[in-house]
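The values are calculated or read from the model by the stated rules, or taken from the named source; none is laboratory data. None of these values were measured; they are calculated from a predicted model. Note: ideal-geometry Cβ built from the backbone for every residue, glycine included; neighbour counts use all protein chains shown. Ligands, DNA and RNA are excluded from the accessible area calculation, which covers all protein heavy atoms including side chains. Shrake-Rupley method; radii C 1.70, N 1.55, O 1.52, S 1.80 Å.
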Amino acid sequence: MELTAKSFIDTLMANQSDDELKKILRYFKSEEGDYGYGDEFIGVKMGFIFELAKKYNQMPIEEIELLLESNIHEARVGGVSIMDKASREKKIDKTRLAEFYHLYMRRHDRINNWDLVDLGCLYMTGLYLFDKPRDVLYQLAKSENIWERRTAILSTCYFIRKNDLKDTYQIAEMLLNDQEDLVHKATGWMLRFAGDKNKLKLITFLDKYAATMPRVLLRNAIEKFDKAEREHYLGLKKVKSK
């Protein structure tokens, strides 16, 4: 098997399905005015792409970049998935990990949908940055690009796994006034995850901001709270809005 972008894309094309394409176009909101408008999908099941990525985990970085350059969304999914799955290997080479991280950041122009951000950031970017300065995430949090802002908060996911919660809360605070639901959802998701590690810290954050934070963000952050707690924080939001 050739570990090339062409071989990967040829395999995708051979497993294309018109029925799957219809599902994908609905799922990714590709109508004019939607965030996915203009993206080119061919109709390949995501599960198949992820399994294929495992087989191509030794693909040279230059070929991965060719996948990112493809107009086909599923090809870009494959490229980021290769980096994600290889990064999760316990014996990932540090040089290889650095190549992944720098390619993702350098070609963020090709990361143009929420699934690509999630694949790159729930493990790989945070793993690379864990023992390094994290200034880049604060710069991305200020970006005009929605996907760069989503990258900023989701890259803290690995930190949370290691019980390092500081950046999650600081970046979440920066994103409280964001105008995009897909950033609100990601921020609430990471706050909820951070709350799994230390609920008191999340409560302290919510006591300060719940009344003014976007409702989608709040609902995601408190999803695991019991009914009385959820009603309390949602009630603060209602009182503030009157």
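Compute, for the range 7-53, the length of the dipole vector about the Cα centre, with Cβ point charges of +1 (Lys, Arg) and -1 (Asp, Glu) only. Units Debye, rounded to 20. So the dipole magnitude of the range 7-53 works out to roughly 180 debye. Rounded to two decimals, the Cα radius of gyration of the range 56-153 over 2.2 N^0.38 Å is 0.99.
Listed values for the range 127-144 are Karplus-derived 3J(HN,Hα) couplings in whole Hz (6.51 cos²θ - 1.76 cosθ + 1.60, θ = phi - 60°), namely 4, 5, 7, 3, 9, 10, x, 10, 4, 4, 5, 6, 5, 5, 5, 9, 5, 7, and x replaces Gly and Pro. Only one residue of TRP147, LEU122, LEU175 has its Cα farthest out toward the positive end of the dipole of the range 107-176, where Lys and Arg carry +1 and Asp and Glu -1 on Cβ, and that residue is LEU122. FRET efficiency for the pair ASP164 and ASP93, taken as 1/(1 + (r/R0)^6) with r the Cβ-Cβ distance and R0 = 35 Å, rounds to 0.90.
The GNM of the chain, with springs linking C-alpha atoms under 10 angstrom apart, assigns the highest mean-square fluctuation among GLY195, GLY79, GLY38 to GLY38. Looking at the chain as a GNM with Cα springs under 10 Å, which of TYR128, TYR138, TYR27 has the largest mean-square fluctuation? The residue with the greatest mean-square fluctuation here is TYR27.
The label point for ASP207 and the one for ASN177, both projected 7 Å from the Cα toward the Cβ, are 2.5 nm apart. Note that the chain presents 51 Å² accessible area per residue, ligands and nucleic acids not counted, probe 1.4 Å.
Beyond 32 Å in Cα-Cα separation lie the following of the pairs LYS29/LYS162; LYS91/LYS166; LYS29/LYS201; LYS29/LYS132: LYS29/LYS162; LYS29/LYS201; LYS29/LYS132.
Alpha carbon centre of the range 163-190 versus the range 6-63: separation in Å? The two parts, judged by their Cα centres, are 28 Å apart.
Placing TRP189, TRP147 in order of accessible area, with the largest value first and a 1.4 Å probe, yields TRP189, TRP147.
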